[in-house]
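Accompanying notes for the structure given below.
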Amino acid sequence: MNWLHTIDEELQRLRPGENPGRTRTIARRAAGMALQQLYGSTSGDLLAAVKQCADDPAIPDEVRSAAQRLSARLDTGFRSPSADPVGDAMLIISFVKQRTGGT
C-alpha cells in the first residue's frame, strides 16, 4: 500500500469536535508515517521519527518546529504545545512529499 494512502486513511479517522487527545494522536501518527518515508525507517515507532525530525538540523526550521510541538509532552494542565496538531502534521507531510517526490 502506498504510504500516502496510508496517511490519508489515518487522517480520515479525524472527526469534528473530537477529543483533542485523539486528534493529537492521529496527527502525530500521520506525521510519523511521512517521516518514516523520509528517513527510510521501517520501525513501528512513529513518534521516534517525529522526534528525529524535531532534532534534525538539516530540516527547515518551520518543519522542525512543527515536529517539536507534536513530539512535546503535555503540560501539567494536559495542554499540548501544538494549538493545531493537524496543521503541524500537514506541514510535515507536505515537506516530506516535496522532498521525496510524493512517491
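The values are calculated or read from the model by the stated rules, or taken from the named source; none is laboratory data. Here the structure is a predicted model, which is why all the values come from computation and not from measurement. No Cβ is skipped: glycine too gets one built from the backbone with ideal geometry, and neighbour counts run over all protein chains shown.
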Query - Residues that are within 10 Å of the chain's Cα centre (by Cα) and aliphatic (A, V, I, L, M), drawn from the stretch 16-62 - result: Ile26, Ala27, Ala30, Ala31, Met33, Ala34, Leu35, Leu46, Leu47, Ala49, Val50
Requested in this report: Among the candidates Glu9, Glu18, single out the residue that is modelled with pLDDT of 90 or more and charged (D, E, K, R).
Outcome: Glu9
Query raised in the report: In the stretch 91-103, what residues are in contact (Cβ under 8 Å) with a residue 24 or more places away in the chain and either in a helix (DSSP H, G or I) or in contact with a Cys (Cβ under 6 Å, 6 or more places away or on another chain) (or both)?
Result: Leu91, Ile92, Ile93, Phe95, Val96, Lys97, Arg99, Thr100
**Report entry** Per-region count, the stretch 33-86, residues within 20 Å of Leu4 (Cβ to Cβ) and either at pLDDT below 90 or of a type in the set (Ser, Thr, Tyr) (or both)
**Finding:** 5
Report task. Could you grab me the full set of residues in the stretch 89-100 that are surrounded by fewer than 16 Cβ atoms within 10 Å (Cβ to Cβ) and under 13 Å from the mean Cα position of the chain (by Cα)? Result -> Ser94
